[in-house]
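Each remark here refers to the structure printed beneath this line.
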Amino acid sequence: MHPGEIATVLNIRSDSAQGAETTLRSCRMSDGSVMRYRDLGAGPVLLLVHGWAASGDFFDTIADLLATEFRVVIPDLRAHGETPAGEAALDIDLLANDLQTLIDALELDDITALGWSMGATVLWQLIARNGHARFAGLIIEDMSPRILNTEGWALGMATGMDIAGSGRAVEAMRNDWPAYAAAFAPKMFARGRAAREPEMIADIVARLSQRHGGAMADFWLSMASQDLREALPSMNLPTLVISGARSEAYGPETSRYLVDSLPEAQSVTFANSGHAPHLEEPQEFASAVTQFANRVHAAAVTHHNTEGKAS
């Protein structure tokens with residue numbers, strides 16, 4: 001395979017509600033490594049980009065719901081899920097490059113891209129560097145443009161994590177990743193959910209524990225170094241900012257900051273969710289995404305038709 005070349009590699013059993021088999025495909029990256037991704041349904045393109053330490057299958061439930069109306073493309077980022085780490089240095093720039101390679105290989109246009117947590121950082125970095133000509137809309141799920149808190153910036157992680165706290169977290173990741181994953185998993189969800197649904201949390205812990213602690217620490221360090229605040233005002237495309245009212249990751253002020261900073265942003269808050277509304281309220285989440293994606297796709301079609309007549 002050459003860079004950007006795609007192939008079908010194997011069939012996997014989805015964990016979705018329908019339990020249907022889906023085809024896992026591969027796309028060769030510029031350094032020779034292979035990204036695994038799924039390509040479901042038909043219609044306007046939805047690109048779903050997962051968060052740190054997760055994988056594309058964290059979107060299984062909403063993917064089934066969305067694939068009835070959209071073409072849903074779901075990559076596993078490097079060192080996550082079925083995509084190997086490769087030999088390149090693991091950072092946000094590399095993930096953005098990989099995502100651009102996939103978009104080019106599949107010739108995707110008028111994309112509505114959803115970035116959950118670190119996935120939003122990857123999309124912001126890609127757009128800041130390459131522009132948003134290939135995108136119709138952007139959905140940000142519970143993320144801050146700068147995750148570490150500093151003097152004068154308190155809209156990073158709701159725990160108040162600063163540089164020193166991040167350093168301690170990285171040390172813990174490298175020293176005992178399974179223990180770190182077990183402590184991290186419950187904090188992805190609304191407060192109290194872990195006690196009510198221990199089996200669900202145990203499943204998430206098992207999936208997170210499959211990651212390599214060193215790779216996750218490298219990505220965390222890169223994510224923690226990002227400051228995309230100055231780039232936001234130039235991202236002039238329709239944006240939906242999604243948050244969970246009971247998130248332990250970011251507070252409501254962070255979402256308000258994004259709406260104020262992005263030129264065409266609106267917000268929706270899920271009352272019973274934490275950091276992962278797509279897992280906690282999937283039906284409602286899919287409905288919000290569908291409404292937004294249909295609206296921005298219609299606007300993109302109108303824009304293309306107007307351009308065609310003008311030319």
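The values are calculated or read from the model by the stated rules, or taken from the named source; none is laboratory data. Predicted model, so just to flag it, every value in this text is computed and none were measured. Note: ideal-geometry Cβ built from the backbone for every residue, glycine included; neighbour counts use all protein chains shown.
Looking at Leu95, Leu114, Leu77, Leu90, can you tell me which residue is closer than 28 Å to Phe189 by Cα, modelled with pLDDT of 95 or more, more than 16 Å from the chain's Cα centre (by Cα) and crowded, with 20+ Cβ neighbours inside 10 Å?
On the way: Leu95 fails: more than 16 Å from the chain's Cα centre (by Cα); Leu114 fails: more than 16 Å from the chain's Cα centre (by Cα); Leu77 fails: more than 16 Å from the chain's Cα centre (by Cα).
Unique residue meeting the criteria: Leu90.
Pairs needed: first member in region 179-204, more than 16 Å from Ser273 (Cβ to Cβ) and touching a residue at least 40 places away in the same chain (Cβ under 8 Å); second member anywhere, not charged (D, E, K, R) and not in a helix (DSSP H, G or I); C-beta distance under 6 Å; at least 6 residues apart or different chains.
From region 179-204, the pairs are Ala181/Ser209.
Got a sec? Which of Glu264, Glu284 is surrounded by fewer than 18 Cβ atoms within 10 Å (Cβ to Cβ), in contact with a helix residue (DSSP H, G or I) (Cβ under 9 Å, 6 or more places away or on another chain) and among the acidic types (Asp, Glu)?
Glu284
Where in region 20-59 are there strands (runs of 3 or more DSSP E), lying fully within it, with 2 or more residues that are surrounded by fewer than 22 Cβ atoms within 10 Å (Cβ to Cβ)? Spell out how you get there, then give the answer.
Details: elements: 21-28, 34-41, 45-49.
Result: 21-28, 34-41.
Does Met157 fit the bill of being assigned to a loop (DSSP other than H, G, I, E, B), of a type outside the set (Phe, Trp, Tyr) and either more than 30 Å from Glu253 (Cβ to Cβ) or at pLDDT 95 or above (or both)? Spell out how you get there, then give the answer.
Numbers: assigned to a loop (DSSP other than H, G, I, E, B): yes; of a type outside the set (Phe, Trp, Tyr): yes; either more than 30 Å from Glu253 (Cβ to Cβ) or at pLDDT 95 or above (or both): yes.
So Met157 fits the description; yes.
Do we have Phe292 as in a helix (DSSP H, G or I), touching a Pro at 6+ places or on another chain (Cβ under 9 Å) and at pLDDT 95 or above here?
Numbers: in a helix (DSSP H, G or I): yes; touching a Pro at 6+ places or on another chain (Cβ under 9 Å): yes; at pLDDT 95 or above: yes.
The answer is yes for Phe292.
Restricting the first residue to region 282-307 and requiring it to be closer than 29 Å to Phe189 by Cβ, which pairs with a second residue that is modelled with pLDDT under 95 meet a Cβ separation below 7 Å and a spacing of at least six or different chains?
Pro282/Thr61
Please give the number of the condition Trp116 fails out of (1) more than 20 Å from Val268 (Cα to Cα); (2) in contact (Cβ under 8 Å) with a residue 40 or more places away in the chain; (3) of a type in the set (Phe, Trp, Tyr).
Only one criterion in (1) more than 20 Å from Val268 (Cα to Cα); (2) in contact (Cβ under 8 Å) with a residue 40 or more places away in the chain; (3) of a type in the set (Phe, Trp, Tyr) is unmet by Trp116, namely (1).
Which residue, of Ala154, Ala136, Ala120, Ala169, is within 27 Å of Glu280 (Cα to Cα) and surrounded by fewer than 15 Cβ atoms within 10 Å (Cβ to Cβ)?
Answer to the check: Ala154.
Is it the case, given these coordinates, that Pro178 is within 22 Å of Leu123 (Cα to Cα) and surrounded by fewer than 16 Cβ atoms within 10 Å (Cβ to Cβ)?
Taking the combined requirement at face value, the residue does not satisfy it.
So, of the residues in region 206-223 that are of a type in the set (Gly, Ala, Ser) and free of Cβ contacts under 8 Å to residues at least 40 places away in the same chain, which turns out to be surrounded by the fewest Cβ atoms within 10 Å (Cβ to Cβ)?
First, pick out the residues of region 206-223 that are of a type in the set (Gly, Ala, Ser): 206, 209, 213-215, 217, 222.
If we keep only those that are free of Cβ contacts under 8 Å to residues at least 40 places away in the same chain as well, we get 206, 209.
Working: Ala206: 13, Ser209: 16.
Going through the qualifying residues, I end up with Ala206.
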